[in-house]
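A quick write-up on the structure given underneath.
Readers should treat all values here as calculations from the given coordinates under stated rules, not as data from a laboratory. No experiment lies behind these values; they were computed from the predicted model shown. With ideal geometry, Cβ positions are generated from the backbone for all residues, glycine too; neighbour counts draw on all protein chains shown.
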Amino acid sequence: MKHHTALLTFGLIIAMAIGFSFTHPAADHASVGIATYYSDVFHGKKTASGEVYEKEKLTAAHRTLPIGTRIKVSRLDNGRAVVVRINDRGPFVKNRIIDLSYAAAKKIGLVGTGVAKVKLEIIGPGNPGVSLTEENLQELMDIVNQENWW
């Protein structure tokens with residue numbers, strides 16, 4: 001019981017620290033469409049959120065999701081997934097639903113093809129000032145993928 005309580009407490013602390021939300025109004029929302037990724041020309045340029053685009057961070061652009069929203073992007077043809085934080089607006093090409101950073105695109109095997117059909121699932125609103133990195137990605141994915149972790 002003591003171990004279970006410690007694990008529960010740890011999980012809740014980690015979830016709050018990375019911005020996971022249990023009450024996000026669109027937490028059950030999912031959409032399917034075409035994903036692309038930013039070209040290198042945007043590296044170092046400001047995004048709609050005001051932060052600088054860094055291609056090695058796990059971020060993305062979406063037309064309507066609030067800045068800071070964390071979403072799981074799953075590539076439908078290979079099953080690979082990545083969690084990103086929305087920090088920009090776009091894409092502005094018809095029939096595309098998300099522009100991924102280079103790092104996020106690489107995680108799902110999008111760099112070679114340039115476009116792929118994906119499913120977007122909202123994880124939570126996140127913290128607009130925190131980017132996902134290699135260090136905390138696995139931690140977040142472990143939390144998301146565990147059944148009944150709370």
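Structure notes:
- Around G44: net Lys/Arg minus Asp/Glu count, Cβ-Cβ under 13 Å: 0
- Förster-model FRET efficiency, 25 Å R0, S39 and L76, C-beta, rounded to 0.05: 0.60
- Rounded to 5, the percent of DSSP beta bridges in the range 28-127 classed as antiparallel: 75 percent
- Backbone amide hydrogens, once placed in the peptide plane, bring T59 within less than 5 Å of R85, S101, A104, excluding anything fewer than 5 places away on its chain.
- If the chain linking T64 and A30 were pulled fully straight, counting 0.36 nm for each residue of separation and taking away their Cα-Cα distance, it would gain 10.9 nm.
- A simple count of charges around D99, restricted to other residues whose Cβ falls under 11 Å of its Cβ and scoring Lys, Arg +1 and Asp, Glu -1, yields +2.
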